[in-house]
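The values are calculated or read from the model by the stated rules, or taken from the named source; none is laboratory data. None of these values were measured; they are calculated from a predicted model. Here the Cβ positions follow ideal geometry from the backbone for every residue, glycine too, while neighbour counts run over all protein chains shown. Protein only, heavy atoms only, side chains kept; ligands, DNA and RNA dropped before computing areas. Shrake-Rupley method; radii C 1.70, N 1.55, O 1.52, S 1.80 Å.
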Amino acid sequence: MPDTKTATGYVLPPAAVPTVAVDGTADRFPVRRILCVGRNYAAHAREMGRDPDREPPFFFLKPADTVVDNGTDVPYPPLTNNFHYEIELVVAIGIGGTDIAEDKALEHVYGYAVGIDLTRRDLQLAARDQGRPWDWGKGFDRSAPCAPLKPVAKAGHPGKGRIWLAVDGAVKQDADLSELIWSVPEIISIASKSMTLAPGDLIFTGTPAGVGPILRGQTVTGGIDGLGEIRIQIV
Ligand code: MN
């Protein structure tokens, strides 16, 4: 009888690869890492009490397994009394690289999606003000809902277009992708100077102004022109 425990070479069953749906196919996009850009719209930087001057962008990460599909129920997370939505353009990396030049950066993109960077704002701000890492505010279970990716062949490279979010139908965020402080090619180039980007990396590119709290029982919808919409329910 074969030894099933060692047949795969692991002492435990390896965790499933997190994935995102791809528009128009049953095949899925395997997620390696989730990078997020902080404060990439001037009006949002201001509402967070920060100067939107074009200082270099900064990044934080969420665990890859925080990604969940469009339509997922998201339990109100523990430890917070100020649970926030952040609608964002998500870039999916298809070809990896290090030190990617800005004028070659878009060649590395597989596609784009609408995502929500769910945030325990109270924990994030407490960490920020104490000079501590943001992880507990950003990297909790199901904190990265992502709608189906649209490959570049279908979506092109959206540089402008409405980005919006509504809670129970009331619009809370309403902006345009052209307001991004750091563009997608700039973000890819800068990130790749710090770490090797690889196929499967997702980059959440930052949220516009209008962030705010969500409660159990509320429905969050959002969209980006040309990329479709996302919907989650807080349970
Ligand atoms: Mn964000």
For a quick check: with amide H placed at 1.01 Å from N, whose amide H comes under 5 Å from residue 218's, ignoring anything fewer than 5 positions away on the same chain?
234
Rounding to the nearest 20 debye, state how big the charge dipole of the chain is about its Cα centre with +1 on each Lys and Arg Cβ and -1 on each Asp and Glu Cβ.
360
Using Cα positions and a limit of under 17 Å, work out the aspartates and glutamates in reach of residue 150, with same-chain residues fewer than 8 apart set aside.
23, 27, 69, 88, 107, 201, 225, 229
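Please calculate how many Å² of accessible area the stretch 22-133 carries per residue, with a 1.4 Å probe and no DNA, RNA or ligand atoms counted.
Numbers: 5130 Å² over 112 residues.
Per residue, the stretch 22-133 has an accessible area of 46 Å².
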Run the accessible area of the chain with a 1.4 Å probe and give the carbon-and-sulfur part as a rounded percent.
53
Unsatisfied cross-links (Cα-Cα over 21 Å) in the set 104/160; 62/154; 62/193:
62/154
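From the alpha carbon gyration tensor of the chain, can you work out the equivalent ellipsoid semi-axes (sqrt of 5 times each eigenvalue) and give them in Å, largest to smallest? Before the final figure, lay out each step's value.
On the way: eigenvalues 142, 102, 72 Å².
Those come to 27, 23, 19 Å.
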Two pseudo-spin positions, 7 Å from Cα along C-beta at residue 125 and at residue 65, lie apart in nanometres by 3.2
Just to be sure I understand the model, the point goes 7 Å from the Cα along the line to the Cβ. What's the resulting residue 55 to residue 141 distance in nm?
3.6
How many angstrom separate the Cα center of the stretch 137-206 from the Cα center of the stretch 1-80?
12
